[in-house]
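A.B. asks: The structure's right below; bear with me while I get my questions together.
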Amino acid sequence: MTETGEAADVRAALLRMRRAGGLPVAFGGLLSGGRQLRISELSGTETSALRTLAITAGNGLGGKAIALSRPFSVTDYHASRVISHEYDQAVAAEGLRSVLAVPVVVRSRVRGVLYGALRQPMTLGDRPLTAAVAAARELEQSLAVRDEAHRLLALLHQPVAVDPGAWEEVREAHGELRALAPLIGDPRLRQALLTACGRIAAASGAAGTAGREGSAARELPPAAPLSPLAPRELDVLAAVASGATNAAAAQRLGLRPETVKSYLRSAMRKLGAHTRLEAVVSARRAGLLP
């Protein structure tokens, strides 16, 4: 995990969990492959005993959460009879007694575990468990967005044949990426998405769109110098290029339909276009869209 990537997402989830749940200690990590988790992030701990601890599915409290894909808690970790005790030494070194573990599940697969703990043996109430589950759900959403971003990036980096069907797949991915970018908290990944979008759009423009657009492209006059499109104008145009209606574009981008219309009108004006199709073709010819 990079400093600004998944590790930052896990740290943010742990901080939210501690603040909302009144938990003095929180820690967790993501599965590194197979069914083993390595604890990578600590919050509120006094030692490094838990750092890099490898948790195997089925072992200990977290391993049980991984194996059964549901939250668990114990009032006194060391005395509990419902978990195995492979990790007692590390837990004791940190002085933890009451512990909860919530799995992070993305597309039906456990991707990580968030732990919260107290240094006294007492029953954990609804507040800390609710906070831990909410933090896990937010982390799940972040990971799902990150996964989708990487999938679309991989698609955009694949060589594209002249086949119109292949181009349509790339264009659809381009539109999805532009809609996804504002949701990415990691600035490096967000910039990587936008850079990839720009490279694909420029590459398709350089290859020429006349052959791909047919008569609609040939009827347009030679491309004139364009006013720069605002990011949201380009987002709307990318959605329109994929065949989305104003309502569908609004839903995809998290905007109101009236706002989409406003951005589209502004983009058309800058592109010197009179119709949606002309705007899309002009943007493609200018290398703004694939």
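A.B. asks: Please go through region 110-119 and pick out each residue that is farther than 19 Å from Ala54 by Cβ and either at pLDDT below 95 or assigned to a strand (DSSP E or B) (or both).
C.D. replies: Gly116, Leu118
A.B. asks: When region 269-290 is examined, which residues are found to be over 30 Å from the mean Cα position of the chain (by Cα), surrounded by 24 or more Cβ atoms within 10 Å (Cβ to Cβ) and of a type in the set (Val, Ile, Thr)?
C.D. replies: Answer for region 269-290, where residues must be over 30 Å from the mean Cα position of the chain (by Cα), surrounded by 24 or more Cβ atoms within 10 Å (Cβ to Cβ) and of a type in the set (Val, Ile, Thr): just Val281.
A.B. asks: Quick one: which of Thr47, Thr75, Thr52 is out of contact with any Phe, Trp or Tyr (no Cβ under 9 Å at 6 or more places or on another chain) and without any contact (Cβ under 8 Å) to a residue 24 or more places away in the chain?
C.D. replies: Criteria check complete, one pass: Thr52.
A.B. asks: While we're looking at this one, here's another question. Could you give me the residue pairs with C-beta distances under 6 Å whose first residue belongs to region 183-204 and is farther than 19 Å from Ala239 by Cα, whose second residue is polar (S, T, N, Q) and part of a loop (DSSP other than H, G, I, E, B) wherever it lies, and which are 6+ apart or on separate chains?
C.D. replies: What qualifies is Asp186/Thr4; Arg188/Thr4.
A.B. asks: Does region 227-268 hold any residues that are under 24 Å from the mean Cα position of the chain (by Cα), more than 17 Å from His174 (Cα to Cα) and crowded, with 18+ Cβ neighbours inside 10 Å, and which are they?
C.D. replies: Answer for region 227-268, where residues must be under 24 Å from the mean Cα position of the chain (by Cα), more than 17 Å from His174 (Cα to Cα) and crowded, with 18+ Cβ neighbours inside 10 Å: Leu255, Val260.
A.B. asks: Would you pick out the residues in region 249-280 that are in a helix (DSSP H, G or I), touching a residue at least 40 places away in the same chain (Cβ under 8 Å) and small (Gly, Ala, Ser)?
C.D. replies: Ala279 - this is the single residue of region 249-280 that is in a helix (DSSP H, G or I), touching a residue at least 40 places away in the same chain (Cβ under 8 Å) and small (Gly, Ala, Ser).
A.B. asks: Give region 21-37 a look and list any residue that's farther than 21 Å from Pro121 by Cβ and out of contact with any Gly (no Cβ under 7 Å at 6 or more places or on another chain), or say none.
C.D. replies: Ser32, Gly33, Gly34, Arg35, Gln36
A.B. asks: Follow-up question, since we're still on this one. Filter region 50-83 down to the residues that are loosely packed, with under 15 Cβ neighbours inside 10 Å, over 14 Å from Val110 (Cβ atoms) and of a type outside the set (D, E, K, R), then identify the one that is modelled with the lowest pLDDT.
C.D. replies: The selected residue is Thr52.
The values are calculated or read from the model by the stated rules, or taken from the named source; none is laboratory data. Computed from a predicted structure; not experimentally measured. Glycine also receives a Cβ, built like all others from the backbone with ideal geometry; neighbour counts cover every protein chain displayed.
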